[in-house]
Amino acid sequence: MTLEEALISVWQQALADARPAVALGHRRYRVEFTRAKQLHSVTFSYERRQFFGIEQNPRTGSRWAKLASEGQRIMQFSYKSRYVANVSEGRLFRYPAWRSLKLPE
């Protein structure tokens, strides 16, 4: 499984399917909710790298928030405290940090 496939799979399981846990390979990761805003979040590993995924907050000012407020399911992914990508309705969008952090294509 590529990193791109893993991120899309996490989005699918956590947001689209609303599962309580995400399965990647032989490991399971619990989907939690943030305290303040009750957004889905999950911390998971891919090839010894730890990623954090969080549902897009529709009540912020970004263009992704606007799409989320219109009903799109969007999850932002970070690695080493930098946003590297998001998945919106099953489609991956990479940020420049993806390349600068040398994540696998």
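The values are calculated or read from the model by the stated rules, or taken from the named source; none is laboratory data. Everything quoted here is computed from the prediction, not taken from an experiment. Neighbour counts are summed over all protein chains in view; Cβ atoms, including those assigned to glycine, are modelled from backbone coordinates with ideal geometry. With ligands, DNA and RNA removed, areas are computed over all heavy atoms of the protein, side chains included. Shrake-Rupley method; radii C 1.70, N 1.55, O 1.52, S 1.80 Å.
For a quick check of your reading of the model, give me the residue pairs whose first member lies in the stretch 56-70 and is in contact (Cβ under 8 Å) with a residue 24 or more places away in the chain, whose second is part of a loop (DSSP other than H, G, I, E, B) and buried (at least 18 other Cβ atoms within 10 Å of the Cβ), with beta-carbon atoms closer than 7 Å and at least 6 apart or on different chains.
Every condition considered, the pairs that remain are Trp64/Gln56.
Residue pairs, Cβ under 7 Å, 6 or more apart or interchain, first in the stretch 13-24 and open to solvent by 70 Å² or more (accessible area, probe 1.4 Å), second in a loop (DSSP other than H, G, I, E, B). List them.
So the pair list comes out as Arg19/Val31; Pro20/Val31.
Checking the conditions here, which among Arg35, Arg30, Arg49 is over 16 Å from Glu4 (Cα atoms), at pLDDT 95 or above and basic (Lys, Arg)?
Values: Arg35 fails: at pLDDT 95 or above; Arg49 fails: over 16 Å from Glu4 (Cα atoms).
That would be Arg30, the only listed residue that is over 16 Å from Glu4 (Cα atoms), at pLDDT 95 or above and basic (Lys, Arg).
Exactly one condition in (1) surrounded by fewer than 13 Cβ atoms within 10 Å (Cβ to Cβ); (2) assigned to a loop (DSSP other than H, G, I, E, B) is false for Arg99; which is it?
Just one mismatch for Arg99, condition (2).
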